[in-house]
Amino acid sequence: METEKFEPKIVAFVCNWCTYTGADLAGTSRLKQQTNARLIRVPCTGRIDPVFIIKAFEKGADGVLVSGCHPNDCHYNTGNFHARRRWIFFRQLLDFVGIDSSRLYFSWVSASEGKKWVDVVDGVINSVREKGPFNGYKKLNKEIEIPVK
Amino acid sequence: MRIGVFICHCGENIGRTVDCPSVAKACANFSGVVHAEDYKYMCSDPGQNLIKQAIKEKNLDAVVVGSCSPHMHEKTFRKACSDAGINPYLVEMANLREHCSWIHDDVPLATKKAIDLVRMLVEKVKFNEPLIPIRVPVTKRALVIGGGISGIQASLDIANAGYEVVLVEKEPSIGGHMSQLSETFPTLDCSQCILTPRMVEVYQHPRIKLMSYSEVENVEGFIGNFSVTIRKKARSVKDELCTGCGLCVQKCPIKKVALSDFDEGLATRPAMYVPFPQAVPNIPVIDRSVCTYFKTGKCQLCKKVCGREAIDFEQQDQFIKEDVGAIIVATGYKLYTIDKKPDDNPIKGYGEYGYGKYKNVINGLQFERIASASGPSSGEMIRPSDKTVPKKIVFIQCVGSRDESKGFSYCSKICCMYTAKHAMLYKHKVHDGEAYVFYMDIRAGGKNYDEFVRRAIEEDGVKYIRGRVSKIFEENGKLIVKGEDTIAGVRVEIDADMVVLATAMTAQSDSSKLAQTLSVSYDKYGFINEAHPKLKPVETSTGGIFIAGACNAPRDIPDSVSMASAAAAKALVLFGSDVLEREPVVAKVNEATCAGCFYCQKVCAYNAVEQKEIKDRQGNVIKVVAYVNSGLCQGCGTCNATCPSKSIELLGFKDDQIYAQINSFAEVF
C-alpha cells in the first residue's frame, strides 16, 4: 500500500525572533521530533506573502505551517498583527484556488517555548499524515505538463 | 556563481546523527556548487582557514555553511568569508544542529533532511546580493528604568564613567525594596544605612537626571538611537520649588487615610505624604484619590502653609522625550500576594494559611517592616493584632515557590536566607522566644550563606522542621499551625503567636506590558528573558537593551548589584564607539515600478517609509513614490508582503530568495 509509506512534506515559515529561536531551544534541549518539516526563516511573519504558501503547495508540500511571535510580543511591534489579518482573508481564498485550507496551520511559538514547538510540529505532521498526500497541484502539473526537474 | 559548501561535524554533535561526508558529497552535485567538504569543527581556526583557503583556491563567490544555528555562528562565518574577500551577505547558514541532528535519532532521515536544508540555502544564496552595513551614530546617554538597588548601581556606574543617565522610578522615591528591609543577610548590617548614601549620591550626581514618580510610556528607535517618552505623573507639588521641609505633610488634616505601601499596609499615611523619612527626592506627593480638596474642593491647607508656593493642584501628567543610546531595565520584583487571587491568575493560592484572614499571619516584607527601626513599631518586635510581643513564631518557607500545583515551579532563591535572618532577628530581640522554621530544603548557596543558616540553628537556637504546613487556624488568640516533620515522621502542632510566610518573588504585574513597550521577550511568569542563559545574562533579545536584578529572575542584593554593574559595563561598551554598524537588512524601493499607493507606509511600524517626488528635467513632478529611510527601517519585511506591485523588497529576504528556498525544499519537484 502506497499510503502506508506516505511521509508528508511540511514547509514551515517561521519568524527569526520567536519561533526560529524557539525551535533552536528545542534543539538545545534535545527534544526529539519527526523529520518531515523544512523551515524557512524570515525576519517576521509580516514578511510572509500569501503567495509563498501557494507556491509551497505547488512545489509539493502536503502541509504548510506558519508560526511567529505571540500577539503583542512581535519583535517588530505589529508585524504579526498584519500577518494575522492577512491570513484571515487568505485562508478563505485557499479552497477557492483548489487547496484544502485545513492543510494550512498557524501557531504562535515564543523563543522560550521549545516544548510547544515540538508539539506543534509533530501535531502538524501527524495531522497531515492522516489526511494523506496533497495531490491537487501534482495532478494539475501533470495535466499541463510542467516539466519535472 | 561559484558556491562553496562547508559541512561541520560539530565534534559529534552533528556527526553522530547526520552523515556529514555524504551530505558534502551530495551537495557537491548541486548546480552552482564547485566545492564541498566536511570538517570536524568548522568554527575553529583551522575550520575557518579551510573556508578561506577554498575561497581563494576555488575562486568562490558565495558560501553556505551547514553547522549550528545562525544565531550562534553567523557572525563568525561572515567575518571569515569577509576576510577572504567575499561580501559577508553572500554567506548563508543551514542549521544542521539545533534543527536537525539534535532533534532526530534516525541517521538516514536526518541526513536526508540535512541535504534538503543545505540545498534550500544553496538555492537562496544564488539570489543574495552584496550588502554594505549601515553606519549610525550612537547617542551616548543611558536610560535606567527602576530606582531600586540595581537601577541605582547601574546609574552610578554609567554616570561615574562620564556619561549622562536618565533614571526613571515609578514610586515617589528611589530605593526600591531594599529600603524597606531591616537588616541584610549574611552580615546583618542595616539595609538603609548602606543604601541611603547611594540614594543621595544619585540625587546629587551632576550626570544623573532623576525622574521619580514617572513611568516609561513609549520607546521608539533602536540600539544607539532610542527615543523614549516618559510620563511624569502629577505630584501636585512643583519639584523645582519644594525644599522638602515637610510642613505640608504635618499640616495635612487627612492623617490616617490610606495604608502605607512602604510599611506594607501595617501603618497609615496622610493624603499628602513622603513614603519614608529618607526618601530621595524628599518631595511629597498628594494622593488625589483621598485628598479633601480633590474630593470636595475645600481645604488647601498645604497650599496655605507652603512658603515656597510649591503646591500646584492643577498640575497635569507631563510627557517628556529623552534621546538615549542604551536602556537598562531594573524594575525588580513584587511579592506574591496570597490573599488576592485575580481570576486571570493561574495561582491557586494558600487559603489554608489564612493570610488576609488572620492579622498575625504576615509575609516576609511585613516582618521586615516590624523588625525595622524605621518601621511602624520603631523596631519593637510586636505582632499586628494586639501589639504584644510574640513568644512563639512559625516561619513557613516556599509559599508559592517550588510548588507547581498551587504556585510557581521556580525557587525564589532568597527565602531560605531571609527566613534564617528573620528568625535570628527575632531571637536577638526576644531572647526567651521560640522560632520554628518549616522548610523543604535549605538552599544557602553563596559566600558565607550556609554558615549564616548554621549560625541561626546552632547559636541562636532556631528550630528547623523539614516538612510542609497543612493548615493554620485561630484558637483562643493563638494560631494553631498543623504540619509534618518528615525527618522524625511525626505530625507537628504548634500554637504560635505569629506566622511569617516566605512568599514567592514574582515579576512586577506590569512587567509584560513594559517588555512589550521595549520589544524584549519575557517568560510565562513575566520575568524578562536574557539573550542567552549563560553567555549573555544581561543582554535582551533587543540590541541596546540590558537587564539587571530581579526583573529577570528572583535574585538577592549582591547578585543584583553585580548584574547592574555588568549591564552598565555593556552600555559603556556601546558608548565606546561613535558609530555603530547595523545589519543592512532593510527595505528598498524599485522606483521604476512603484505606483505610489503607499500601502507600505500604512503598515510600517517605524514610520520608515516616506514619500519621494520624482521630477523631470524641467522640475515638474512626474510621480510620487515610496522611499525607505534605512536609518529607521528595522527590516521586518511587512511592506514587502503588502506591496501589490512587488516594488518594495527586503534586502537579504527578497521574494526571489525565498521562492528559491520554496522551489528547492523537495527533490522531486
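The values are calculated or read from the model by the stated rules, or taken from the named source; none is laboratory data. The structure presented is a predicted model; accordingly, all values stated were derived computationally and were not measured. Here the Cβ positions follow ideal geometry from the backbone for every residue, glycine too, while neighbour counts run over all protein chains shown.
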* Asked: Say we look at segment A:51-83 and pick out the residues that are buried (at least 17 other Cβ atoms within 10 Å of the Cβ) and either of a type in the set (V, I, T) or away from chain B (no Cβ under 11 Å) (or both); which of these is nearest to B:T638 (Cα to Cα)?
  -> A:T78
* Entirely in segment B:591-667, the helices (runs of 4 or more DSSP H) that have 3 or more residues that are more than 8 Å from chain A (Cβ to nearest Cβ) and closer than 18 Å to A:A83 by Cβ -> B:599-603
* Asked: What about B:V125, is it within 14 Å of chain A (Cβ to nearest Cβ) and in contact with a strand residue (DSSP E or B) (Cβ under 6 Å, 6 or more places away or on another chain)?
  -> yes
* Considering B:I320, B:I328, B:I230, which residue is touching a helix residue (DSSP H, G or I) at 6+ places or on another chain (Cβ under 7 Å) and part of a strand (DSSP E or B)? -> B:I328
* Structure fact -> Residue hits (segment B:254-277; surrounded by 17 or more Cβ atoms within 10 Å (Cβ to Cβ), on the phi < 0 side of the Ramachandran plot and out of contact with any Pro (no Cβ under 7 Å at 6 or more places or on another chain)) are B:S260, B:R269, B:P270, B:A271, B:F276
* **Subset of segment B:95-105 [within 7 Å of another protein chain (Cβ to nearest Cβ) and either under 14 Å from B:D19 (Cβ atoms) or not in a helix (DSSP H, G or I) (or both)]** => B:R97, B:E98, B:H99, B:H104, B:D105
* **Cβ pairs under 9 Å, 6+ apart, first in segment A:77-90 and hydroxyl-bearing (S, T, Y), second assigned to a helix (DSSP H, G or I)** => A:T78/A:G46; A:T78/B:V603; A:T78/B:T638
* Considering only residues that are touching a residue at least 24 places away in the same chain (Cβ under 8 Å) and in contact with an Asp or Glu (Cβ under 9 Å, 6 or more places away or on another chain), look in segment B:488-513 and name the one that is farthest from the other protein chains (Cβ to nearest Cβ). => B:D495
* Among (1) free of Cβ contacts under 8 Å to residues at least 40 places away in the same chain; (2) assigned to a loop (DSSP other than H, G, I, E, B); (3) not small (G, A, S) - the single one B:L266 does not satisfy -> (1)
* Scan of segment B:465-508 for residues that are part of a strand (DSSP E or B), hydroxyl-bearing (S, T, Y) and farther than 30 Å from B:N552 by Cβ, ordered by number -> B:S470
* **Residue ID - farthest from the other protein chains (Cβ to nearest Cβ), chosen from residues in segment A:19-47 that are closer than 21 Å to B:H532 by Cβ and in a loop (DSSP other than H, G, I, E, B)** => A:S29
* To do: Return a yes/no flag: does segment B:56-66 have any residue that is without any contact (Cβ under 8 Å) to a residue 24 or more places away in the chain, more than 14 Å from chain A (Cβ to nearest Cβ) and over 21 Å from A:W117 (Cβ atoms).
  => yes
* Under the condition of being more than 14 Å from B:K524 (Cα to Cα) and more than 10 Å from every other protein chain (Cβ to nearest Cβ), which residue from segment A:109-123 is surrounded by the fewest Cβ atoms within 10 Å (Cβ to Cβ)? -> A:G123
* To do: Take B:L210 and decide whether it is buried (at least 17 other Cβ atoms within 10 Å of the Cβ) and within 30 Å of B:I382 (Cβ to Cβ).
  => no
* Structure fact -> Subset of segment B:520-559, residues more than 17 Å from B:I145 (Cβ to Cβ), within 11 Å of another protein chain (Cβ to nearest Cβ) and part of a strand (DSSP E or B), comes to B:H532
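So that you can scan it fast, the table gives a plain yes or no per residue for (1) at pLDDT 95 or above; (2) in contact with a helix residue (DSSP H, G or I) (Cβ under 8 Å, 6 or more places away or on another chain); (3) among the charged types (D, E, K, R):
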site	(1), (2), (3)
A:R41	yes, yes, yes
A:R47	yes, yes, yes
A:P50	no, yes, no
A:K55	no, yes, yes
A:G60	no, yes, no
A:L65	yes, yes, no
A:C69	no, yes, no
A:C74	no, yes, no
* Scan (1) among the aliphatic types (A, V, I, L, M); (2) crowded, with 22+ Cβ neighbours inside 10 Å; (3) touching a residue at least 12 places away in the same chain (Cβ under 8 Å) for the single condition B:I103 breaks and write down its number. => (3)
